[in-house]
Each structure stands twice: as C-alpha cells, then as structure tokens.
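Participant: The structure is given below, and queries will be raised subsequently.
The values are calculated or read from the model by the stated rules, or taken from the named source; none is laboratory data. All values derive from a computational prediction rather than experimental measurement. Here the Cβ positions follow ideal geometry from the backbone for every residue, glycine too, while neighbour counts run over all protein chains shown. Accessible surface areas use protein heavy atoms only, side chains included; no ligands, DNA or RNA. Shrake-Rupley method; radii C 1.70, N 1.55, O 1.52, S 1.80 Å.
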Amino acid sequence: MNKLIDNFGREISYLRVSITDRCNYRCIYCQSEKEFEFIPHQEILRFEEIVEIVQEAVNLGITKVRITGGEPLVRKGVVDFIKKLREIKKLEDISLTTNGFFLSEYAEKLKDAGLNRVNISLDSLQEEKYKKITRGGSLKKALKGINSAFKARLLPIKINTVVMKGINDDEVDDFVNLTLRRPLNIRFIEFMPSGEEVINEFENKFISVQEIKEKLIKKYLLNPIKISTANGPAKYFQIEGGKGTVGFITALSQHFCKTCNRIRLTSEGKLRPCLFSNKEIDIKKAIRELVRDKRRISQKKNYKG
Ligand code: SAM
C-alpha cells in the first residue's frame, strides 16, 4: 500500500473534493450578499475527470474522500458519481458535506450508491435565525434531512456548527442538549475569515472554541472520547449519559497544521495543499488530456473488436 508523505513528513490520506461552486444558500459566514459570478460550466471538472483524479490519488495513498461544494447535492448526477467512486478499490471511506436541504430526497439513494456518511451544516435550531444565517434556508428541511440520514444509516452523522458571537453563541447549550437525546456528533467550528465582505464582519463575530469549551466545562462533565471516523482536526467529548458527542474545531486560535492529513481539489481542478494558503496547482489541463486519451484508446479498441 502506497503512502503519500509530504515534505514535512505528514501522511496525506484524505482528499476533499468540491464538485460545484453553486449553492442554494448564501450563508453569512461563507458568501457575501453581493451578486457574484459562478464559474462557467465548461471550467468545472466533469465527474469522469474527478473519478480519474480520485483513482490516481488512491493509487498514491489517499484512503478517504469527502465530497463538498458549494452544495454538492445541487449538482445533477451526484448519485451516479458516488457509484463510480465506490468502484475504486482501496478507497475506504466516502463522505459528503451538505446543508441538508435536499438530503431527505437523496439519503437512501446515496447510501445505495456507496456513500458511507454525511456531515450536515446546522448553525441554528431556531427557524427565523436559521433563515437569517443561511439567507433564506429552511431549518425544517435540514432537520428532515438529518432524520433521513439516520434512516439511511449514513453514520456517524456529524453536525457542523459555526459559532458566531451575538448570533448563535446563545444556542450552544441547545446543541449540546441535542447530543443527550440523539447520537449526533456536534462540532463547534471557529468562524474563519474568508472573502472580503465576510472578513469585514469578522472581528466582532469571532469567538474562540476554547471560550465555548470553558463555559461548557462549568456546566457539564465532558469526557474525552475517540470516534472511529475522527481523523480530522476535531477533538471530541461526551457529556455524562449522552448519546452523541461534542467536538471542537479550533481553526484559528490553534492551528492544527502538525496533524494535517488532507489535500483539497477545487471544482475547477486546482489542488490546494493548505487551507491557509492561496497556493494552488492547476491539474485540469493534464486530467482533461488523460481522460481524452483514455477515451480514444477505448473507442479504438471497441472499433477493432
Ligand atoms: N454546502 C455544504 C454545507 O453547507 O455543508 C458544503 C460546503 S460548506 C462551505 C462546508 C463547511 O464549511 C460548512 O460546514 C461550513 O460550516 C464551513 N464554513 C464555510 N465558511 C466558513 C467560515 N467562514 N468559517 C468556518 N467555517 C466555514
């Protein structure tokens, strides 16, 4: 089995693939309110090209793939794409991050196609606030999506909650209480600056997860716990008697570079080795040529045969 080791001796085993820049939401921490242009369709990698890249990555030592976006479930053909990924031998884990809006329609189909599990973004448990944060989203649909994920056994289910001061930090206890009732893994994520308009808002909304954790420690007994799929930056805890877990992702206040095991692929075919750097390696041209050549060879074979 090959291993992908970077210049700092870290083993890179996890590939995060964005399959679209389109999203049905415009979350306040992620997108600006202003109109913006989407990447033209022809510049977005085709599924066939992504499958080829993942196959090569697995040959090099990647064992886990996460599908994300934009919102991955807005892209047509996503179920067949997961099926193709599932055919890649030695790819151990396929997961998907979604806002949950379309999940109730897709959960069973995704499971049947070979998806292992989902992460669902959920930043408020209050309908009006949820709508405000997502700029028009539906909490009801997200909760329905979570229920469908349970039914389809897309487990373990991780919930991503970006905590923002004065916006949803008053709901931390409500999220923690959810883990008492249901086997959900709630991950409190620090708000990271991304995009000009979002950065302008950044200073007064940032709250470190350390601060959140300290408040929780005063109220609950947090037992450190390992969860089987936790290969990322989150540290998990279980409240005494709880069914789920609470995790903390300290993206800003404590960098997790030393233990980083991931690489990212953007929807337009750029490899991003580091979340905190703008450095990208454009592999679209190379992969388009490779896929084209392979197609020609197979057409020739079929013709002769
Ligand atoms: N549309 C999908 C969703 O909503 O889960 C997938 C894409 S979304 C960009 C992936 C994750 O990035 C979400 O869980 C969200 O919480 C996180 N994220 C986006 N912008 C962020 C920011 N400025 N700070 C912290 N987390 C952020």
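Participant: Based on the mean of other Cβ atoms within 10 Å per residue, sort peptides 36-45, 96-105 so the most packed one is first.
Facilitator: Descending mean neighbour count gives 96-105, 36-45.
Participant: DSSP loop (so not H, G, I, E, B), at most 12 other Cβ within 10 Å: list which trypsin sites (Lys or Arg not before Pro) in the stretch 15-65 pass both filters.
Facilitator: Lys34
Participant: How large is log10 of I(q)/I(0) for the stretch 76-166 at q = 0.17, 0.20, 0.21 Å⁻¹ when the intensity is taken from the Debye formula with one equal scatterer per alpha-carbon?
Facilitator: Rounded to two decimals, the profile gives -0.71, -0.90, -0.96.
Participant: Among residues other than Glu37 whose Cβ falls under 13 Å from its Cβ, what is the net charge (Lys/Arg +1, Asp/Glu -1)? Could the numbers behind the result be given before it?
Facilitator: Numbers: positive: Arg22, Lys34; negative: Asp21, Glu35, Glu43, Glu268.
Overall, the nearby charge balance is -2.
Participant: Give me the percent of accessible area attributable to carbon and sulfur for the chain, probe 1.4 angstrom.
Facilitator: Values: 8400 of 16260 Å².
Ligands and nucleic acids excluded, carbon and sulfur reach 52 percent.
Participant: Let me ask something additional. If we count every other residue with Cβ under 12 angstrom of Glu289's Cβ, Lys/Arg +1 and Asp/Glu -1, where does the sum land? Before the final figure, lay out the partial values.
Facilitator: On the way: positive: Lys284, Lys285, Arg288, Arg292, Lys294, Arg295, Arg296; negative: Glu49, Glu52, Asp293.
So the environment of Glu289 carries a net charge of +4.
Participant: Still on this model: Stokes-Einstein D for the stretch 1-141 at 10 °C, 1.306 mPa s, Kirkwood Rh over Cα pairs, in µm²/s?
Facilitator: Values: Rh = 16.4 Å.
Estimated diffusion coefficient is 97 µm²/s.
Participant: Alpha carbons only, please: Rg and Dmax for the chain, in angstrom.
Facilitator: In Å, with Rg to one decimal and Dmax whole: 19.9, 74.
Participant: Between their Cα atoms, which of Lys64/Lys165; Lys3/Lys270; Lys131/Lys205; Lys83/Lys294 are more than 25 Å away from each other? Walk me through the intermediate numbers first.
Facilitator: Details: Lys64/Lys165 33 Å; Lys3/Lys270 21 Å; Lys131/Lys205 18 Å; Lys83/Lys294 20 Å.
Pairs exceeding the cut-off: Lys64/Lys165.
Participant: I would also like to ask the following. Starting from one equal scatterer on each C-alpha and no solvent at all, send me the Debye-based log10 I(q)/I(0) for the stretch 17-93 at q = 0.17, 0.26 Å⁻¹, two decimals.
Facilitator: These q points yield log10 I(q)/I(0) values of -0.72, -1.26.
Participant: Let me ask something additional. Would you give the gap between the C-alpha center of the stretch 174-190 and the C-alpha center of the stretch 21-36, rounded to a whole Å?
Facilitator: For the stretch 174-190 versus the stretch 21-36, the Cα centre distance is 25 Å.
Participant: Another one. Where does the chain land at 222 nm, in deg cm²/dmol rounded to the nearest 500, when only DSSP H runs of n ≥ 4 count, each adding -39500 (n - 2.57), divided by all residues? Mind showing how you got there, number by number?
Facilitator: Working: 9 runs with 107 residues, N = 305.
Using -39500 (n - 2.57) per qualifying helix, the result is -11000 deg cm²/dmol.
Participant: Leaving out ligands and nucleic acids, and using a 1.4 Å probe, what accessible area per residue does the chain come to in Å²? Spell out each step's value before the answer.
Facilitator: Working: 16260 Å² over 305 residues.
That works out to 53 Å² per residue.
Participant: Calculate how steeply helix 172-181 sits against the longest principal axis of the alpha-carbon atoms of the chain, using the helix alpha-carbon long axis, and give the answer as 0 to 90 degrees to the nearest 10.
Facilitator: Tilt of helix 172-181: around 80 degrees.
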